[in-house]
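The values are calculated or read from the model by the stated rules, or taken from the named source; none is laboratory data. All figures in this text were calculated on a predicted structure; none of them were measured in a lab. Backbone-built Cβ (ideal geometry, glycine too); neighbour counts: all protein chains shown.
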Amino acid sequence: MRAVQEKSFQTHDGVSLFYRHWPAASEKPQGAIVLFHRGHEHSGRMAHLADELDLPDFAVFAWDARGHGRSPGERGFSPSLATSVRDVQTFVDHIASTYGIAVEDMAVVAQSVGAVLVATWAHDYAPKIRCMVLASPAFKVKLYVPFARPGLKLQHALRGKFFVNSYVKPQFLTHDPARIESYRADPLITRPIAVNILLDLYEAAERVVADARAITVPTQLLISGADWVVHHGPQHRFYERLGTPIKERHVLPGFYHDTLGEFGRAAAVQKARKFILERFAEPLNRPSLLDADRMGFTRDEADELASPLPALSPRGIYWTLTRLSMRIGGLLSEGVALGHRTGFDSGSTLDYVYRNKPQGKGPLGRMIDGNYLESIGWRGIRQRKLHLEELLRDAMARLEAKNVPTRVIDIAAGHGRYVLEALDGASTKPDSILLRDYSDLNVEAGTNLISEKRLANIATFAKGDAFDRDDLAAVQPKPTLGIVSGLYELFPDNTLVRRSLAGLAAAIEPGGYLLYTGQPWHPQLELIARALTSHRGGQAWIMRRRTQAEMDQLVEAAGFRKIEQRIDQWGIFTVSLARRVAP
């Protein structure tokens, strides 16, 4: 048996999570295998795979998720599924920095709930891992009680945090007598699961299965043929929609849910081993997404949203009535009226959403405005602002640690509120801040905000075109920190985006940083396209999504490498920090 070491790593919120590490037999590992256990269990339940995979030249790592095994926290609880997905990213970052194994040299093997965490991570963070093996992903847990999910959702709204116990008995997880007995005797098995995590699991799984085309990681899917715990349908739909050309699906007849702990698991383990070795025998494989604006599923999606509906069709009538209700709402709600005047995608609307103070005519107008401001898209925008401020302060601290002047440029700042308010929590101020925008209205409002914040000694606002490569390249003094927030999401054309990024790459010298945003998914795309107007003369606001993988490829092609990322709990908006690398 391989020797194992017991370690821990720190999460973003200061929790110390336990993990096991089986060092490679060779002094320099060929790569790493990272294991993620199923719900209710812990890394010890996957420890047999360190030997059974028979990959001695690979280091093997397995964590205990927060609230599980020997990791701290209430049993079965995490603040959100998004928190646990971020823990996955933090764990991978820890392995890379501590053991010197590049992310590109890692393969992931995950089971059940762990497989949902990994699939969500692959979708939301677009990691450049070599491949992933997902065993019986719990995309849809079988809840045998009628209306269990809406009932749990109602109780959660009324009661807040509470737990439910797993109904699954070990004899319905595996046919292996030894595994059944060890499960029964294991004091670290966590029977309860927090209801917020169970509900989040369903929502994240539905989103990832529906949008699996965004996942370009080479993937092997192992499906237990006689699974009592999860439904097969979403697993097959996930596989069929995967955006990677390198994928395998294996249905294992008679297998119960514990695919990698079944009595005849050697068949499944050998398939995983073969898939991993094949991926490491060839270079890292990802399809190019640089032309996804011209040919790709998000282009098709945007084209469909731009197509008019028959006026008398049910959907046509529905959206006509929705637009009418928005017009009526604009008579009372200040936020809706502002959207109609300046565009729901304008800097003025964004600033209004940031301020988040309902205004309108009388109590009814303020109530309508409050509901408008609480829509999921605007909640996501406000979380994006917090993430922007966090990573802006992070970038400034990195520059300060290297004794490099902090010269900030935001090429499409709107009113510049998030940049200026980020300074409230910064230990030091930048040497200079140049805010730019193409709108005269935004330049005037931003200049006034600089004055209001008493930052005129370091900050200026100027009119500028964010897509003028030569103009950006000529900015003086040369910036060390560039920001582009909420801009590229409004323009479907990658040629424009590449021109803008080329200008920033020419302006920012190696070692500098770029802060950029993305919108890999949105639950209200059709509402936005068919009911809201843009800043372009009242035209429909039609967005082409860029997957995180596409956005990262565009940034990397310009000469930057992503080093940090944040995403809101709904999976809508991302904020990433990239370092300028030498040409």
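For region 413-460, a residue qualifies if it is crowded, with 23+ Cβ neighbours inside 10 Å and among the aromatic types (Phe, Trp, Tyr), and exactly one does: Tyr418. Once region 445-470 is narrowed to residues that are more than 32 Å from the chain's Cα centre (by Cα) and acidic (Asp, Glu), the residue that is modelled with the highest pLDDT is Asp470. Restricted to region 400-412, and to residues there that are buried (at least 22 other Cβ atoms within 10 Å of the Cβ) and hydrophobic (A, V, I, L, M, F, W, C), the residue that is nearest to Gly486 (Cα to Cα) is Ala412. Residues that are in contact with an Asp or Glu (Cβ under 8 Å, 6 or more places away or on another chain) and not assigned by TED's automatic domain parsing to the domain that holds Asp552 number at least 1 in the following helices (runs of 4 or more DSSP H) confined to region 131-228: 177-185. Among the candidates Leu331, Leu364, Leu324, the residue that is out of contact with any Gly (no Cβ under 8 Å at 6 or more places or on another chain), hydrophobic (A, V, I, L, M, F, W, C) and without any contact (Cβ under 8 Å) to a residue 12 or more places away in the chain is uniquely Leu324.
Of all residues in region 73-101, those that are on the phi > 0 side of the Ramachandran plot have Cβ atoms under 8 Å from Cβ atoms of residues that are of a type in the set (Phe, Trp, Tyr) and surrounded by 16 or more Cβ atoms within 10 Å (Cβ to Cβ), 6 or more apart or on another chain, in Gly76/Phe163.
Filtered by the rule that a residue be modelled with pLDDT under 95 and surrounded by 14 or more Cβ atoms within 10 Å (Cβ to Cβ), region 288-304 gives a lone residue, Gly296. Out of all the residues in region 507-539, which are closer than 27 Å to Ala473 by Cα and within 16 Å of the chain's Cα centre (by Cα)? Across region 507-539, the qualifying residues are Leu515, Tyr516, Thr517, Gly518, Gln519.
To keep it simple, each residue is scored yes or no on (1) surrounded by 24 or more Cβ atoms within 10 Å (Cβ to Cβ); (2) in contact with a helix residue (DSSP H, G or I) (Cβ under 8 Å, 6 or more places away or on another chain); (3) assigned by TED's automatic domain parsing to the domain that holds Trp121; (4) of a type in the set (D, E, K, R).
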residue	(1), (2), (3), (4)
Gly14	no, no, yes, no
Phe18	no, yes, yes, no
Ala32	yes, yes, yes, no
Phe36	yes, yes, yes, no
Gly39	no, yes, yes, no
Ala50	yes, no, yes, no
Pro56	no, no, yes, no
Val60	yes, yes, yes, no
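In this structure, Phe91 does not satisfy being in a strand (DSSP E or B), in the same structural domain as Leu17 (by TED's automatic domain parsing), within 12 Å of Val34 (Cα to Cα) and in contact with a Leu (Cβ under 8 Å, 6 or more places away or on another chain).
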